[in-house]
Amino acid sequence: MTQAYFEPLGTDDGWEVFRATPHTVSAWGPDLQHGSPPSAVLTRAMDRLEWTETTRIARVTVDLLGPVPLGEVRTRARVVRPGRRIQLLESELEAGGRIVARASAWRMAVGDTAEVEQSADRPRELPEVDRDSGFFDRWTSGYIDSLEIRGAGDGVVWARPTLPLVSGEEMTPAERVMSVADIANGVGAVLEPDEWRFLNTDLVTHLHRRPVGEWIGVTASASIGPDGVGATSGTLYDEVGAIGHTLQALLVERV
């Protein structure tokens, strides 16, 4: 098995073609991908689109339009709203002749605001060993098994992918965040997965700071409505402090 989430297969009429490996497999089923690898590869397509050092991605929205299968997938991206200070980007993920996921991103100009830097969330400390990974002890999958996980015992789950997103490549900071951010649905779970399915249909990630290092910390909490719909909100960290926030819509069903 290729030791990466995606193996590059070349290009085809403007699409980048990949093979999604078993390391992308979701805990919800052996034939579909966890939300993180598709989110990350869609972000990759946008992050490397006409890239410059004077801009960075500030927000990524991923819509999962249906189950994302293993095997051959392809991505493409475009600039929807060009601009010197603010750009809107879009990307698509295709599998089996249909679009299975879409993403958009705001990319903004960077400048010096260190004098007024602040965050509403206090920093969290990365533990030296796993103290309590909790939820992830109940589930296993190709994707979950690909992560090094450390629970801090204070509601924070720290995760670090042990594999590259695409074979032979280094992840960018945005790709690294998006390769982990979707676990907020599991971190914030309030239902037992052997009794309930709570599938997120999207992932919205705002990054007020570019992450530093390999580890991403996640805190999250879920709310469940009375009619089969829920939502999970989370906060993302690196070893310096908070870097952003996530939101996910949930479809809630009895198993």
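The values are calculated or read from the model by the stated rules, or taken from the named source; none is laboratory data. These figures come from a predicted structure and were not determined experimentally. Glycine also receives a Cβ, built like all others from the backbone with ideal geometry; neighbour counts cover every protein chain displayed. Heavy atoms of the whole protein, side chains included, go into the accessibility calculation; ligands, DNA and RNA do not. Shrake-Rupley method; radii C 1.70, N 1.55, O 1.52, S 1.80 Å.
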ask   = Counting just the residues of the range 32-91 that are basic (Lys, Arg) and over 22 Å from Leu9 (Cβ atoms), which one comes out modelled with the highest pLDDT?
value = Arg59
query = Going by the conditions given, is Ala181 within 16 Å of the chain's Cα centre (by Cα), within 19 Å of Ala20 (Cα to Cα) and modelled with pLDDT of 95 or more?
reply = yes
ask   = Which fully enclosed strands (runs of 3 or more DSSP E) of the range 1-49 have 3 or more residues being in contact with a Cys (Cβ under 6 Å, 6 or more places away or on another chain) and in contact (Cβ under 8 Å) with a residue 24 or more places away in the chain?
value = none
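Let's see how each residue does on (1) modelled with pLDDT under 95; (2) surrounded by 17 or more Cβ atoms within 10 Å (Cβ to Cβ); (3) closer than 24 Å to Val100 by Cβ:
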{"site": "Gly186", "(1), (2), (3)": "yes, yes, yes"}
{"site": "Asp194", "(1), (2), (3)": "yes, no, no"}
{"site": "Leu203", "(1), (2), (3)": "no, yes, yes"}
{"site": "His208", "(1), (2), (3)": "no, no, no"}
{"site": "Ala220", "(1), (2), (3)": "no, yes, no"}
{"site": "Gly230", "(1), (2), (3)": "no, yes, yes"}
query = Out of all the residues in the range 231-251, which are touching a Pro at 6+ places or on another chain (Cβ under 6 Å) and in a loop (DSSP other than H, G, I, E, B)?
reply = Asp238, Gly241
query = Counting only residues that are open to solvent by 20 Å² or more (accessible area, probe 1.4 Å) and either aromatic (Phe, Trp, Tyr) or under 14 Å from Val180 (Cβ atoms) (or both), how many does the range 24-54 have?
reply = 3
